[in-house]
Amino acid sequence: MENLVLYRKYRPKSFGEVVNQKHIIQTLTNAILLGKVAHAYLFCGPRGTGKTTVARILAKAVNCEERGKNFEPCNKCPACVEINEGKSMDLIEIDAASNRGIDEIRELREGIRFSPARLKYKVFIIDEAHMLTREAFNALLKTLEEPPSHVIFILATTEVHKMPQTIISRCQRFNFHKFVLSDIVERLKFIAKEEKVKIDKPALELIALNADGAIRDAESLLGQVMAMEDKDITLEEVQTILGTVDISAVVEMVNFILKRDAAGAITFINKIIEEGYDLGQFTKSLINYLRKMMILKTAGNQEIEKFRNLIAPEFTQEQLATVLEQGQKFSSGDLIKLLRLFIEAENQIKSAVFPQLPLEMVMVELLGDEHI
Ligand SMILES: Nc1ncnc2c1ncn2[C@@H]1O[C@H](COP(=O)(O)OP(=O)(O)O)[C@@H](O)[C@H]1O
Ligand SMILES: [Mg+2]
Ligand SMILES: [Zn+2]
């Protein structure tokens with residue numbers, strides 16, 4: 001329950017609250033101040049990076065009754081409140097992924113000729129717009145060629161390469177970026193504080209790491225953790241909840257590789273499965289560990305602390321010593337080869353007949369190799 005609530009509860013309601021995406025916010029707020037808002041926007045980028053969020057803020061900003069010379073919506077006037085509560089007839093959200101939008105686009109073509117019911121602008125947000133049918137695209141194209149002055153389209157997509165060029169060229173395009181770890185950690189820290197939960201930095205970093213650049217995913221994970229734990233959350237608790245294997249399992253695996261002990265490694269992989277861990281997670285942890293090893297290896301002695309803060313802030317002093325020590329026994333070429341093999345294996349685990357097979361194959365392949 002709580003994890004659902006968190007990311008809705010903390011959806012930014014004004015431009016100033018949006019994390020990162022500075023280039024987009026800058027251009028949009030300038031356009032609002034100059035009264036030069038475009039009639040069609042294309043928001044591209046991975047999920048959970050703020051496309052829907054920014055689209056709704058824009059819808060409020062153009063319709064806000066109290067905005068005056070500011071670019072921020074007031075979030076208090078009837079127009080803002082109506083939109084925040086999802087009750088406005090003039091903010092129409094179409095999810096092209098769920099029904100491919102045929103009926104909606106037809107309605108849209110007919111409805112578009114009428115003025116907004118109450119607000120200044122009718123705003124159409126078309127989510128996963130690349131999923132629209134060809135007919136829907138054609139209908140949309142006709143509308144985009146001559147958009148009525150009271151209408152704004154915001155098309156959002158995670159796969160812009162599937163959008164027809166004719167549509168793209170009629171929109172003002174913005175690329176939403178994934179977040180760096182520190183952005184996500186900051187946001188989580190803010191939410192934890194608001195929720196009066198104590199959670200240490202390494203724990204936040206582990207959550208952020210697992211979110212793969214999406215704030216929404218990080219917020220969901222934080223919600224899961226908060227729902228299950230007390231008001232004082234530690235790294236160990238997060239590790240348990242996320243099912244991430246303790247780093248010592250990864251260290252042990254690397255030791256098998258160093259000893260060229262394929263039989264030991266294969267036994268170990270099967271033991272991990274028996275103990276109920278997720279092999280995909282384990283492989284991700286292994287890749288992450290080897291990545292740190294590779295990068296720390298390239299750092300000179302005086303740079304190690306800097307790199308450590310950058311890529312391994314969650315490591316304890318002993319873990320840092322271990323990764324450096326193991327790293328000395330590999331060449332950079334070895335590490336790159338290992339990373340390539342494990343990245344490939346990680347991709348295959350989900351679809352493999354036996355989830356352990358891709359990892360077992362890596363071990364056999366390594367054993368037959370002269371260089372490692
Ligand atoms: N740039 C951002 N700043 C702050 N929170 C964000 C941002 N992007 C996403 N979020 C969080 O993730 C949730 C989902 O974001 P959303 O805008 O729906 O992503 P998208 O439409 O790109 O998939 C939001 O409710 C908010 O909690
Ligand atoms: Mg969205
Ligand atoms: Zn307002």
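The values are calculated or read from the model by the stated rules, or taken from the named source; none is laboratory data. Worth saying up front: this structure is predicted, and the values here are computed from it rather than measured. Here the Cβ positions follow ideal geometry from the backbone for every residue, glycine too, while neighbour counts run over all protein chains shown.
Return the residues of region 72-94 that are assigned to a helix (DSSP H, G or I), surrounded by fewer than 23 Cβ atoms within 10 Å (Cβ to Cβ) and within 9 Å of ligand 3 (Cβ to nearest atom); say none if nothing qualifies.
Within region 72-94, the subset assigned to a helix (DSSP H, G or I) is 78-84.
Still in the running and surrounded by fewer than 23 Cβ atoms within 10 Å (Cβ to Cβ): 78, 81-82, 84.
Result: 78, 81.
So, of the residues in region 275-292 that are small (Gly, Ala, Ser) and farther than 14 Å from residue 347 by Cβ, which turns out to be surrounded by the most Cβ atoms within 10 Å (Cβ to Cβ)?
The initial filter retains those residues of region 275-292 that are small (Gly, Ala, Ser), namely 276, 280, 285.
Next, only the ones that are farther than 14 Å from residue 347 by Cβ stay: 276, 285.
Numbers: 276: 7, 285: 22.
For region 275-292, the residue satisfying everything is 285.
What residue, among those in region 199-208 that are without any contact (Cβ under 8 Å) to a residue 40 or more places away in the chain and either in a helix (DSSP H, G or I) or loosely packed, with under 13 Cβ neighbours inside 10 Å (or both), is farthest from ligand 2 (Cβ to nearest atom)?
Here is the first cut: in region 199-208, the residues without any contact (Cβ under 8 Å) to a residue 40 or more places away in the chain are 199-200, 203-204, 207-208.
Applying the additional criterion that residues be either in a helix (DSSP H, G or I) or loosely packed, with under 13 Cβ neighbours inside 10 Å (or both) yields 203-204, 207-208.
Numbers: 203: 28, 204: 24, 207: 21, 208: 20 Å.
Only one residue fits best here, namely 203.
Report every pair of residues separated by at least 6 positions or lying on different chains whose Cβ atoms are under 8 Å apart, first residue within region 250-270 and within 12 Å of residue 330 (Cα to Cα), second of a type in the set (Phe, Trp, Tyr) and not in a loop (DSSP other than H, G, I, E, B).
254/289
Being closer than 19 Å to residue 21 by Cβ, more than 9 Å from ligand 3 (Cβ to nearest atom) and either of a type in the set (A, V, I, L, M, F, W, C) or outside any helix (DSSP H, G or I) (or both) is the filter here, so list the residues in region 46-71 that pass it.
46, 47, 48, 49, 50, 54, 55, 57, 58, 59, 62, 71
Looking at residue 102, is it among the β-branched types (Val, Ile, Thr), more than 26 Å from residue 32 (Cβ to Cβ) and at pLDDT below 95? Even if it seems obvious, please write down each step before you answer.
On the way: among the β-branched types (Val, Ile, Thr): yes; more than 26 Å from residue 32 (Cβ to Cβ): yes; at pLDDT below 95: yes.
Answer is yes for this residue.
Which of the strands (runs of 3 or more DSSP E) contained wholly in region 98-194 include at least 2 residues that are closer than 30 Å to residue 204 by Cβ, in contact (Cβ under 8 Å) with a residue 12 or more places away in the chain and within 16 Å of ligand 2 (Cβ to nearest atom)? Don't jump to the end; show me each part of the working.
Numbers: elements: 122-127, 151-157, 172-175.
In region 98-194, 172-175 are the strands (runs of 3 or more DSSP E) which contain 2 or more residues that are closer than 30 Å to residue 204 by Cβ, in contact (Cβ under 8 Å) with a residue 12 or more places away in the chain and within 16 Å of ligand 2 (Cβ to nearest atom).
Please verify whether residue 114 is of a type outside the set (A, V, I, L, M) and buried (at least 20 other Cβ atoms within 10 Å of the Cβ), treating the condition exactly as stated. Give the steps one after another, and end with the answer.
Values: of a type outside the set (A, V, I, L, M): yes; buried (at least 20 other Cβ atoms within 10 Å of the Cβ): no.
So residue 114 does not fit the description; no.
State the number of residues belonging to region 1-17 that are touching a residue at least 40 places away in the same chain (Cβ under 8 Å) and either within 16 Å of ligand 3 (Cβ to nearest atom) or touching a Leu at 6+ places or on another chain (Cβ under 6 Å) (or both).
Of region 1-17, the ones touching a residue at least 40 places away in the same chain (Cβ under 8 Å) are 1-7, 10-16.
Add one more test, that the residue is either within 16 Å of ligand 3 (Cβ to nearest atom) or touching a Leu at 6+ places or on another chain (Cβ under 6 Å) (or both), and what stays is 12-16.
Here the count works out to 5.
Restricting the search to region 18-45, which residues are within 16 Å of ligand 3 (Cβ to nearest atom) and either free of Cβ contacts under 8 Å to residues at least 60 places away in the same chain or surrounded by 19 or more Cβ atoms within 10 Å (Cβ to Cβ) (or both)? Before you say what the answer is, go through the steps one by one.
Within region 18-45, the subset within 16 Å of ligand 3 (Cβ to nearest atom) is 29, 32-33, 37.
Scanning region 18-45 gives 29, 32, 33.
For region 164-188, give me the residue count where each residue is basic (Lys, Arg) and more than 30 Å from residue 309 (Cα to Cα).
First, the residues of region 164-188 that are basic (Lys, Arg): 170, 173, 178, 187.
Then keep just the ones that are more than 30 Å from residue 309 (Cα to Cα); that gives 170, 173.
The total comes to 2.
Checking residue 17 against (1) of a type in the set (Asp, Glu); (2) within 14 Å of ligand 1 (Cβ to nearest atom); (3) touching a Lys or Arg at 6+ places or on another chain (Cβ under 8 Å): exactly one of these is not met. Which one?
Unmet condition: (3).
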